[in-house]
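Undergrad: Below you'll find the structure I mean.
The values are calculated or read from the model by the stated rules, or taken from the named source; none is laboratory data. Please read these numbers as outputs of a predicted model, since none were measured by experiment. Because the Cβ atoms are built from the backbone with ideal geometry, glycine has one as well, and the counts that use them run over all protein chains shown.
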Amino acid sequence: MGRPCVANGLELSSVIPAILLMGPTASGKSALALELARHFDGEIISVDSAQIYRGMDIGTAKPDAATRALVTHHLIDIVDPTEAYSAARFARDAANAIADVRNRGHVPILVGGTMLYFKALTEGLSQLPQASASIRERLDARAAKVGWPALHAELAAVDPQAAARLAPTDSQRIQRALEVFELTERPLSELQGNRSTVDIGPTLSFARVPDRGGLHVAIAERFDAMLAAGLVEELARLRSRFSLHRHLPSMRAVGYRQAWAYLEGEIDRNTLRAQGIAATRQLAKRQFTWLQSIRATDLPSDPSDAVATIVAHAAHFHG
């Protein structure tokens, strides 16, 4: 499987474990991944449901061209923001990327905060029908008239288990559950037990679990930096370049959703900032919840100690 890889005396030969690095947004995962890539002669595979979109750079904290020139990155800028991209497709694309990186004798380093993607890769996904653009457009149109809580009530009538897990305003998941029921005439909760998996070989899983107070400060600082770097202007350019609407998965991403409302004149700049930071904190809270259900080694807060921990686990794997 390619040439043996030697990193600081550690030989990764016949089977190279993929390093999975997960954690909440703004927790320093990307910087740590770069250190690991340098240490292990690795390549980075993004596990981020927003960095897949071309042109969405500022609001996704996408690595810049200089960083990507230093370390090879995968699964970034692979679809237009008008396109849909599923967790199942990610699992296939990531499995292929992992195999390619290993075939070059390098270490695959998967980093990101989209926990559903990690779950899809390591545990498999329920076998569900493909998305239907026509059904989704019809559901969006109805929601615009009656509101998502009304559609949530409809979901409760046909799939009470799924509805009980969802907030009445969780538009994306309510839409998907109603779509699945319409396509299959079976509740989503009934279909979710039958899982399909991909083979990615051995993995070592690690989690950044920062102090929440410090994370909230980092989230605010990063969102301010995104605004200063031109998040709103970036979205304006995307709207002129692509045929976008606010219900697309790409435009539901934190930051872009709030910037859209600002460009529509629905909120002012201060409200954009406040809502963006609040939404990012809510995202981090959901990511913490996901982490509790994923088996991973918690990393020390100090970056050097975190690298040392991962190196020690990798050495033990080959010991």
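Undergrad: Determine the pairs where a residue that is more than 28 Å from T203 (Cβ to Cβ) and of a type in the set (S, T, N, Q), located within region 115-136, has a partner that is surrounded by 14 or more Cβ atoms within 10 Å (Cβ to Cβ) and modelled with pLDDT of 90 or more with Cβ atoms under 7 Å apart, the partner being 6 or more residues away or on another chain.
TA: Qualifying pairs under 7 Å: S132/E179; S132/L183.
Undergrad: Given the criterion modelled with pLDDT under 95, within 18 Å of the chain's Cα centre (by Cα) and assigned to a helix (DSSP H, G or I), identify the matching residue among R222, R286, R257, R281.
TA: After applying the criteria, what remains is R286.
Undergrad: Would you pick out the residues in region 178-189 that are assigned to a helix (DSSP H, G or I), of a type outside the set (F, W, Y) and more than 15 Å from L125 (Cβ to Cβ)?
TA: Listed by number, the residues that qualify are L178, E179, E182, L183, T184.
Undergrad: Under 8 Å between Cβ atoms, which residue pairs at least 6 apart in sequence (or on different chains) link something in region 183-197 that is among the β-branched types (V, I, T) with a partner that is modelled with pLDDT of 75 or more and part of a helix (DSSP H, G or I)?
TA: T184/L191; T197/E123
Undergrad: Any residue in region 40-51 that is crowded, with 22+ Cβ neighbours inside 10 Å, among the aliphatic types (A, V, I, L, M) and in a loop (DSSP other than H, G, I, E, B)?
TA: yes
Undergrad: Only residues that are in contact with a strand residue (DSSP E or B) (Cβ under 7 Å, 6 or more places away or on another chain) and in a helix (DSSP H, G or I): list them for region 190-219, please.
TA: If the condition is that a residue be in contact with a strand residue (DSSP E or B) (Cβ under 7 Å, 6 or more places away or on another chain) and in a helix (DSSP H, G or I), then L191 is the only one that fits.
Undergrad: Select from region 189-203 the residues that are under 13 Å from R92 (Cα atoms) and in contact with a Ser or Thr (Cβ under 9 Å, 6 or more places away or on another chain) and write down the one among them that is modelled with the highest pLDDT.
TA: Looking at residues that are under 13 Å from R92 (Cα atoms) and in contact with a Ser or Thr (Cβ under 9 Å, 6 or more places away or on another chain), I get I200.
Undergrad: To continue, here is another question. For L151, are the conditions met, namely being among the hydrophobic types (A, V, I, L, M, F, W, C) and not in a helix (DSSP H, G or I)?
TA: Here the answer is no, as L151 does not meet what is asked.
Undergrad: Same structure again: Just to check your reading of the model, which residue among R186, R212 is of a type outside the set (A, V, I, L, M, F, W, C), outside the structural domain of V101 (by TED's automatic domain parsing), out of contact with any Phe, Trp or Tyr (no Cβ under 6 Å at 6 or more places or on another chain) and at pLDDT below 95? If you could, list the steps in order and put the result at the bottom.
TA: On the way: R212 fails: outside the structural domain of V101 (by TED's automatic domain parsing).
One residue alone meets the criteria, R186.
Results for (1) of a type in the set (A, V, I, L, M, F, W, C); (2) closer than 25 Å to P210 by Cα; (3) in a loop (DSSP other than H, G, I, E, B); (4) modelled with pLDDT of 95 or more, shown as yes or no for each residue.
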position: I19; (1), (2), (3), (4): yes, yes, no, yes
position: M56; (1), (2), (3), (4): yes, no, yes, yes
position: A91; (1), (2), (3), (4): yes, no, no, no
position: I98; (1), (2), (3), (4): yes, no, no, yes
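Undergrad: Out of all the residues in region 155-175, which are under 21 Å from R186 (Cβ atoms), touching a helix residue (DSSP H, G or I) at 6+ places or on another chain (Cβ under 7 Å) and in a helix (DSSP H, G or I)?
TA: The answer is L155, A156, V158, Q161, A162, A163, Q172, I174, Q175.
Undergrad: If you don't mind, another one. Mind checking whether some residue in region 226-236 is at positive phi, in a loop (DSSP other than H, G, I, E, B) and touching a residue at least 40 places away in the same chain (Cβ under 8 Å)?
TA: Within region 226-236, one or more residues are at positive phi, in a loop (DSSP other than H, G, I, E, B) and touching a residue at least 40 places away in the same chain (Cβ under 8 Å).
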